Amino acid sequence: MDINEKKALEQRAEKWIADHKENLVADISRLVKIRSVSDQAHGTEEAPYGEGCKRALEEALAIGREHGFQTTIYDNRVGAMWYDEGRWEDTIGFWGHLDVVPEGEDWDFKPYEPLYRDGYLIGRGASDNKGPTMAVMYVIQCLRELGVKLRRPLRLFLGCDEEKGMTDLEYYRAHYPCPGLSMIADCGFPVCYGEKGIIEANLLSGDRVTAAIESFSGGVASNMVPDRANAVLNPRFFLAGGEERVMALGEKGPFTVTRQGEKISVEARGVSKHTAFPTGGVNAIELLASALAESEALPESDTKALRFICQVNQDFAGTGLNVVYSDEVSGALTCVGSMASLTEGRLTQLINIRYSITADSEQLVKNIGESCRQAGWELRLIRDSKPNYFPKDRPEVKLLTDLFNEMTGLEKEAYVMGGGTYARKLPNAFAYGMSGVPGEPAPEGLFREGHGGAHAPDEGLNVENLVKAMKIYVMSILAVDNLIS
């Protein structure tokens, strides 16, 4: 296909996408209405990630069939849709996920009643990742209806456990074949050729807290900087003057203090961000722990335990756990204490670490364990998801980066990120855009500060940016298809 033919195709694709935009928004909205938070704890053989994820997967595949796709479900864990069959080694696979992070609190809009306003589709999952996943389906349909002949079959896969650990992909890869090349539509443009490793672990206090602390909790998901934390306290067990000092916290900005009978409830408010990109986030767990420790209202053993939580969360660099690390390939490690609880009398702090590609994760775990030991705490490792690296010198990286810049007039470079996508669970895979074409900021007044982001309250999808991304994807698929011999 020469330059003129490609230009003509780009124009035809742009018109096709514009003609189908309203239908796309309607299909995404059908999925956003479903609360599909992965819930293995209540899963069954028919719904291993809970009823919400099962409903979302069934609805997405129903939408696919309405658009003429063949569909299948792999053991109720992963779905797929396609037009043309072919050898697996020749197939270009596209991967999206239908599970979402919990909605949390402080929404100005209703998280599961999608609203299309001022060019944004608002609702949990609209941008991460239901919108981009449906957009890929439309892109494949566009290529077919425009009569574009590809040498490689295309197949769209739909997962249900991306946000909680990607066990869906681990299962799929253990039981079914993978495409020859996989592209994950769950990041910003251009090519993401590397993803940091992920460590999740629980840190447990060695001693039980006293009766002064009846409950302590914060956060709703491992991969979110917590914007809420709460403690219920019993002032009968405070130190002298402690009740007055705790009540005085309510006079300070981020705290709400209320009486609950004889008890006192203290709530801290922070700012939620994705743990892969925590800059600008404010950790409510750290705010609460610090305020209670500094109040000098609690027994010494409780204050000591809270100070270790403060140590863990003193910054997003991992200083408090002796895991500070950075490299030229992927930048600095990030560390977030994302969830906290009081279980059987022991404080528990869940940490989510995105470590640099060249870091030695075993050494990082040793350092965390030693930091815990010195503080009288215990480390319980949950998972160590190794980094993904799709070599930057692969021709796909330069080809798709150059194509993106040519089509947008920008000068972006391929990059490595702290976010984790399905690319880390698949062979010969990389993440590529669909979630991040630069555009105009949201209209003033649509979102409050800290709102509108992927894991934030009032999650919003910029539909015009998604439409631009779809046109780029059309031309990108053609380029990759031509590249593969």
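Working from label points 7 Å from Cα in the Cα-to-Cβ sense, the Arg117 to Asp393 distance is 5.2 nm. Entry note: segment 307-387 has Rg to Rh equal to 0.96, where both radii use alpha-carbon atoms and Rh is the Kirkwood radius. Separation of segment 20-41 and segment 231-249, taken as the distance between their Cα centroids, equals 45 angstrom. Beyond 19 Å, what share of the Cα-Cα pairs of segment 214-278 remains, rounded to the nearest whole percent? When every Cα pair of segment 214-278 is considered, 39 percent fall beyond 19 Å. Between Glu406 and Ala26, full extension at 0.36 nm per residue minus the direct alpha carbon distance yields a gain of 133.7 nm. Classification of segment 119-231 by its C-alpha gyration tensor yields a prolate form. The axis ratio a/c (a ≥ b ≥ c) is 1.5 or more, and a/b outweighs b/c.
Calculated [222 nm] ellipticity per residue, helices only, for the chain: -10000 deg cm²/dmol; basis is -39500 (n - 2.57) per DSSP H run with n ≥ 4, divided by all residues, nearest 500. With the highest mean first, a sort of the peptides 382-388, 15-21 on other beta-carbon atoms found within 10 angstrom per residue produces 382-388, 15-21.
Placing +1 on the Cβ of every Lys and Arg and -1 on the Cβ of every Asp and Glu, with no other charges, gives segment 195-239 a dipole of roughly 160 debye about its Cα centre. Working from Cα pairs under 8 Å separated by at least six residues, relative contact order for the chain is 22 percent. Remark: the chain projects, on average over all directions, an area of 23.0 nm² (convex hull of Cα atoms). Estimated at 0.36 nm per residue, the fully extended path between Glu413 and Ser341 surpasses their Cα-Cα distance by 21.8 nm.
When each of the peptides 440-453, 423-436 is scored by the mean number of other C-beta atoms lying within 10 Å of its residues, the order from highest to lowest reads 423-436, 440-453. Taking Cα atoms only, the orientation of helix 300-312 departs from the longest principal axis of the chain by about 20 degrees.
Here is the link list: Lys196/Lys398; Lys110/Lys412; Lys110/Lys130; Lys54/Lys164; Lys54/Lys425. Which ones come out longer than 25 Å on Cα distance? Pairs exceeding the cut-off: Lys110/Lys412.
Partners of Lys263 within straight-line reach, counting lysines whose Cα lies under 23 Å from its Cα and excluding those fewer than 8 residues away in the same chain: Lys252, Lys304. Summary of packing: across the peptides 53-61, 295-303, 401-409, the per-residue average of other C-beta atoms within 10 Å ranks them, highest first, as 53-61, 295-303, 401-409.
Between the alpha-carbon centers of segment 406-485 and segment 61-104, tell me the distance in whole angstrom. Distance between centres, Cα-based: 19 Å. Legend: calculated FRET efficiency, Gln260 to Arg380, from the Cβ-Cβ distance at R0 = 30 Å, rounded to 0.05, equals 0.45. Dipole orientation for segment 223-351: of the candidates Leu239, Ile309, Gly261, Gly261 has the Cα lying most toward the positive pole (charges on Cβ; Lys, Arg +1; Asp, Glu -1).
Charges were assigned to the Cβ only: +1 to each Lys and Arg, -1 to each Asp and Glu. The resulting dipole of segment 198-385 about its Cα centre is roughly 320 debye. Considering Cα pairs under 8 angstrom that are at least six residues apart, work out the relative contact order of segment 198-385 and quote it in whole percent. For segment 198-385, the relative contact order is 32 percent. Rounded, prolate or oblate: which fits segment 370-481, taking a ≥ b ≥ c as square roots of the Cα gyration tensor eigenvalues, rounded meaning a/c under 1.5, else prolate when a/b beats b/c? In terms of gyration-tensor shape, oblate. What angle, in degrees between 0 and 90 and rounded to the nearest 10, separates the Cα long axis of helix 131-145 from the longest principal axis of the Cα atoms of the chain? Tilt of helix 131-145: around 0 degrees. Across all directions, the shadow cast by the convex hull of segment 198-385 built on its C-alpha atoms averages 9.8 square nanometres.
FYI, it's all coordinate maths here, none of it is from the lab. It should be emphasised that the depicted structure is a prediction, and the values quoted were computed from it without experimental measurement. Every residue, glycine as well, gets a Cβ built from its backbone with ideal geometry; the counts of neighbours run over all protein chains shown.
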